Amino acid sequence: MTAEGHLLFSVATLVLAQKLEITPALAHGDWFHMIPAVLLGSLLPDLDHPGSILGRLFRIISLPLSKLCGHRGFTHSLLAFCGLAILWETQVSPHWDISTDIFHALLLGYLSHLIADMLTPAGVPFLWPLKMRFALPILGKKNNKKGERFISVLILVGALFLPPHLTVTLPSQVNNWLQMYHDKRTNF
């Protein structure tokens, strides 16, 4: 997926997440905080590609990362996503007073990048270092800008037409999944 596609997809995802009130920070966050954070987050996974926007800006990080893991390696995994969350909580948050909505938008942008790349035939190694790739190849060919734009607009329009006060809060969803798991285990 192209940088433009990732940027559009991340903003559409942010609108959807805000509308669904995925987290309280995203539901009530400041758009002037969240838009730049989601845009940055959507570009972070491609730091492993020296030709990417961030790869060109931070070559000192990009080149070694590219040599060690290659493009769409470690940075395109759930391990990197969790590592970013832990790094933020342990190293950034205690030392800098940065709003929670920025953190949640950054993580959402990162995750939107992984989901968007999953829509390409190459997919992503969610379970890196395992070689298995996850793909739902809706975008058939490389650099399919029209397809990327269409999917982003579809998500955006879908988010705008959601009924008001329809919420899918993350804590309640996790609780529902745990309850379903518990119910299935007790039935056996």
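Could you grab the pairs with beta carbons closer than 7 Å, sequence gap of 6+ or different chains, first residue in region 1-15 and among the β-branched types (Val, Ile, Thr), second one outside any helix (DSSP H, G or I) and open to solvent by 40 Å² or more (accessible area, probe 1.4 Å)?
THR2/ASN143
I'd like the full set of residues that are over 17 Å from LEU108 (Cβ atoms) and either more than 19 Å from the chain's Cα centre (by Cα) or in a helix (DSSP H, G or I) (or both), limited to region 26-53.
Within region 26-53, LEU47, ASP48, PRO50, GLY51, ILE53 meet the criteria.
Is there any pair with a first residue in region 127-151 that is under 27 Å from VAL15 (Cβ atoms) and a second that is open to solvent by less than 100 Å² (accessible area, probe 1.4 Å) and in a helix (DSSP H, G or I) whose Cβ atoms are under 6 Å apart and which are 6 or more apart or on different chains, and what are they?
Hits for this filter: PHE134/MET118; ALA135/MET118; LEU136/MET118; LEU139/GLY147; GLU148/GLY5.
Okay, residues lined up against (1) modelled with pLDDT of 85 or more; (2) open to solvent by less than 30 Å² (accessible area, probe 1.4 Å):
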{"position": "ALA116", "(1), (2)": "yes, yes"}
{"position": "PRO121", "(1), (2)": "yes, no"}
{"position": "LYS131", "(1), (2)": "yes, no"}
{"position": "ILE138", "(1), (2)": "yes, no"}
{"position": "LYS145", "(1), (2)": "no, no"}
{"position": "ILE151", "(1), (2)": "yes, yes"}
{"position": "SER172", "(1), (2)": "no, no"}
{"position": "TRP177", "(1), (2)": "no, no"}
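When region 128-154 is examined, which residues are found to be assigned to a loop (DSSP other than H, G, I, E, B), in contact with a strand residue (DSSP E or B) (Cβ under 8 Å, 6 or more places away or on another chain) and under 15 Å from PRO45 (Cβ atoms)?
Initially, region 128-154 is screened for residues assigned to a loop (DSSP other than H, G, I, E, B), giving 128-133, 135-144.
Now narrow it down to the ones that are in contact with a strand residue (DSSP E or B) (Cβ under 8 Å, 6 or more places away or on another chain): 133, 135.
Within region 128-154, just ARG133 meets the criteria.
Across region 81-122, which residue is nearest to GLU21 (Cα to Cα) among those that are part of a loop (DSSP other than H, G, I, E, B) and without any contact (Cβ under 8 Å) to a residue 24 or more places away in the chain?
Step by step, filter region 81-122, then rank; the result is ILE98.
Only one of (1) assigned to a loop (DSSP other than H, G, I, E, B); (2) modelled with pLDDT of 85 or more is not met by LEU166, so which one is it?
(2)
The values are calculated or read from the model by the stated rules, or taken from the named source; none is laboratory data. Computed from a predicted structure; not experimentally measured. Here the Cβ is made from the backbone with ideal geometry for all residues, glycine too, and neighbour counts use every protein chain on show. When the accessible area is computed, the model is the full protein with side chains, heavy atoms only, and any ligands, DNA or RNA have been set aside. Shrake-Rupley method; radii C 1.70, N 1.55, O 1.52, S 1.80 Å.
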